[in-house]
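*Asks:* Sharing a structure below in structure tokens format, with a few things to ask.
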Amino acid sequence: MNIIAWVILGLLAGAIAKAIYPGSQGGGMLSTIILGVVGAFIGGTLFTLLRTGTLQFTAATLSIPGLLVAIIGAIIAIYLWTLFQRSSRA
């Protein structure tokens, strides 16, 4: 997938995940894109693991199902990030 598709997928998935996840995540457009791209890798890897039973580092594609997988992965990434921030503050 080319870089423009990654940016579009990252922006869409990150923005939707931030809107769904409760609380304030902060950050600007660049952090939203990075969140979405990380979510695409997390979601794609988990989807491949559930579908085939093998752990492969894959990413979601720029399609409706790929966007849904990337959103789920971005929500997981937000959860892990807030969990990490809470443990580092204590």
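No value in this document is a laboratory result; all are computed from the given coordinates. This one's a predicted model, so the numbers in the text were calculated from it and none came from an experiment. Every residue, glycine among them, receives a Cβ derived from its backbone with ideal geometry; neighbour counts consider all protein chains shown.
*Asks:* Taking the Cα atoms only, what angle lies between the long axis of helix 29-52 and the longest principal axis of the chain, rounded to 10 degrees?
*Replies:* 50 degrees
*Asks:* How much length would be gained if the chain were fully extended between Ile4 and Thr54, taking 0.36 nm per residue of separation minus their Cα-Cα distance, in nm to one decimal?
*Replies:* Stretched fully, the Ile4-Thr54 segment lengthens by 15.1 nm.
*Asks:* Compactness ratio of the chain: Cα Rg over 2.2 N^0.38 Å, N = residue count?
*Replies:* 1.07
*Asks:* Could you work out how far apart the two model spin labels at Leu46 and Ile34 are, taking each label as a point 7 Å from the Cα in the direction of the beta carbon, and quote it in nm?
*Replies:* It works out to 2.1 nm between the two label points.
*Asks:* If you don't mind, there's one more thing I want to ask. Using the alpha-carbon centroid of each, what span in Å lies between the range 50-90 and the range 1-38?
*Replies:* The range 50-90 and the range 1-38 have Cα centres separated by 12 Å.
*Asks:* Kindly list the residues of the range 1-31 that lie in the label zone of Thr82, defined by a backbone N under 16 Å from the point 7 Å along the Cα-to-C-beta vector.
*Replies:* Those under the cut-off are 14-27.
*Asks:* Nearest 500 deg cm²/dmol is fine: what mean residue ellipticity at 222 nm does the chain get from its DSSP H runs of n ≥ 4 alone, each adding -39,500 (n - 2.57), divided by its residue count?
*Replies:* Per the formula, -26500 deg cm²/dmol.
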